[in-house]
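The values are calculated or read from the model by the stated rules, or taken from the named source; none is laboratory data. None of these values were measured; they are calculated from a predicted model. Note that each Cβ is placed from the backbone with ideal geometry, even for glycine, and that neighbours are counted across all protein chains shown. Quick note on the areas: whole protein, heavy atoms, side chains included, nothing else; ligands and nucleic acids left out. Shrake-Rupley method; radii C 1.70, N 1.55, O 1.52, S 1.80 Å.
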Amino acid sequence: MNTFLKRILILLSVVALGLFLYSVFVENIFAPRLSPEDTVEFKLNDLELEVFYNRPFKKDREIFGALVPYNQVWRTGANEATTFETNEDLEINGMPLKPGKYTLWTVPKDSTWTVIFNSKQYKWGVNAQMQPMWDPNYDVITTEVPVQKLDTTVEQFTIAFDNSTDHLFLTMAWDNVKIALPLK
């Protein structure tokens, strides 16, 4: 084998080893995520809805009013910005939402939550200062939803679609709190 090919192979080996060491010691991509990714889908006739989000755990922490402050925009999960996608026109609390992909933001309060559908796509949910990357100039829908207090604790943040009463709701639950956003 000629010298040039040997040098290329050595260089590629060093680069591969460096990437491997970086991924193990810095990013630790082989470890499970503390807030695992999840995707929930709802399909009925031609309607297809999808939510992508990350699911943090309670872990004996006080959640709303502490870890997730009241009256401040929350990325609605952890890590990447939560996304909501629809392939058909929807009506959300009486307001129209066109087909497309939106980021989903919330403002938790004691008795209500503000739910925000934002047309801008963000790679991450917060910036380096842990402030939401949300830009209100791209808000498409902002609506209030009442809080339901739960008798049991939801350990891991959960988003779901509920069609059990022939009325469709987008639900979010964590700790002892649940909201149900009506969708038509």
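With the convex hull built on the Cα atoms of the chain, state its orientation-averaged projected area in nm².
Values: hull surface 61.0 nm².
Over all viewing directions, the chain projects a mean Cα-hull area of 15.2 nm².
Rounded to the nearest percent, how much of the accessible area of the chain (1.4 Å probe, protein heavy atoms only) is carbon and sulfur?
Values: 6130 of 11010 Å².
Accessible surface attributable to carbon and sulfur in the chain totals 56 percent.
Just to check I understand the Karplus step: with θ = phi - 60° and J = 6.51 cos²θ - 1.76 cosθ + 1.60, what whole-Hz values come out for region 157-171, glycine and proline as x?
Here the 3J(HN,Hα) series is 3, 9, 10, 8, 9, 10, 10, 5, 10, 6, 10, 8, 10, 9, 10 Hz.
Where does helix 3-22 land angle-wise versus the long Cα axis of the chain, in degrees 0 to 90, nearest 10?
40 degrees
As a quick test, which of the pairs 59/184; 59/101; 6/123; 149/184; 58/184 have an alpha carbon distance above 29 angstrom in this structure? Present the calculation step by step, with values, prior to reporting the outcome.
Values: 59/184 35 Å; 59/101 31 Å; 6/123 40 Å; 149/184 24 Å; 58/184 31 Å.
In this structure, 59/184; 59/101; 6/123; 58/184 lie more than 29 Å apart at Cα.
Determine how large the accessible area of residue 92 is when every protein chain is in place; take a 1.4 Å probe and give Å² rounded to the nearest 10.
For residue 92, the solvent-accessible surface is approximately 0 Å².
Can you list the residues, at least 5 places off or on another chain, whose amide H is less than 5 Å from the amide H of residue 120, using H built in the peptide plane?
HN-HN under 5 Å from residue 120: 103.
How large is the accessible surface per residue of the chain, computed with a 1.4 Å probe and reported in Å² as a whole number?
Per residue, the chain has 60 Å² of solvent-accessible surface.
Given the rule -39500 (n - 2.57) for each run of at least 4 DSSP H residues, summed and divided by the residues of the chain, what is its mean residue ellipticity at 222 nm, to the nearest 500 deg cm²/dmol? Let's see the in-between values first.
Numbers: 1 runs with 20 residues, N = 184.
Computed mean residue ellipticity for the chain: -3500 deg cm²/dmol.
Loop-only chymotrypsin sites (Phe, Trp or Tyr not before Pro) in region 68-155, please: DSSP not H, G, I, E or B, and at most 14 other Cβ atoms within 10 Å. Can you show the working numbers first?
Details: sites: 70, 74, 84, 102, 105, 113, 117, 122, 124, 134, 138; in loops: 70, 122, 124, 134.
Here the sparse-neighbourhood loop sites are 70, 124.
Please work out the FRET efficiency for the pair residue 67 and residue 120, using the Cβ-Cβ distance as r and a Förster radius of 35 Å; give the result to the nearest 0.05. Before the final figure, lay out the partial values.
Working: r = 25 Å, r/R0 = 0.72.
Efficiency at R0 = 35 Å is approximately 0.90.
With every protein chain present, what accessible area does residue 162 have (1.4 Å probe, heavy atoms only), rounded to the nearest 10 Å²?
50 Å²
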